[in-house]
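Have a look at the structure below before the remarks.
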Amino acid sequence: MPLPIQSIPSIPEEIPSTVSTSICCIPGYFFDTANVYPKTHSEEIIGELLKDHRDEIAVATKVYGQMGDKLNQGGLALVHVSNQIESSLKRLQTDHVNLYQIHRLNYETPIEEIARLKIYKLNQILGN
């Protein structure tokens, strides 16, 4: 069970550099997180730990969870997924993730809409 937000301790300043240096000595290390683990803090912590070693680590994150009270702040709607990848990249302090996953299927969002978003984002990356 995840800790309540108010129970998450702050990370002492000396820990990130020690942890990230130790982690980056292990070839092929992989981090898997999600925008909702717990309420964005997981991505923020991983971003801080790995910011100086990003090219040595594979990072995955997920989208789906409800990030607010409004209609387009959850699920797999085009607006939500597009906004969340940008937000995740900022929290992870990187310009890319190695794997962007759908946390669970949402049968209210047509698969064509999800596919359009993937094609749109790929074209952005390729500069088309």
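Coordinate-derived values only; no laboratory data. Worth saying up front: this structure is predicted, and the values here are computed from it rather than measured. All Cβ positions, even for glycine, are placed from backbone atoms using ideal geometry, and neighbour counts span all protein chains on display.
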Classify segment 26-126: rounded, prolate or oblate, from the alpha-carbon gyration tensor (a ≥ b ≥ c, eigenvalue square roots; a/c under 1.5 rounded; otherwise prolate if a/b is larger than b/c)?
prolate
Between Leu122 and Tyr29, what length comes free when the chain is fully extended (0.36 nm per residue of separation minus the Cα-Cα distance, one decimal in nm)?
31.0 nm
Around Gln101, which amide H atoms from residues at least 5 apart in sequence, or from another chain, sit under 5 Å from its own amide H, with H modelled in the peptide plane?
Thr61, Lys62, Val63
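Place a +1 charge on the Cβ of each Lys and Arg in segment 26-126 and a -1 charge on the Cβ of each Asp and Glu, then give the dipole magnitude about the Cα centre in debye, rounded to the nearest 20.
Values: 11 positive and 13 negative charges, 40 e Å.
With Lys and Arg at +1 and Asp and Glu at -1, about 200 debye.
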Of Lys70/Lys90; Lys90/Lys121; Lys39/Lys90; Lys62/Lys121, those spanning more than 18 Å from alpha-carbon to alpha-carbon:
Lys70/Lys90
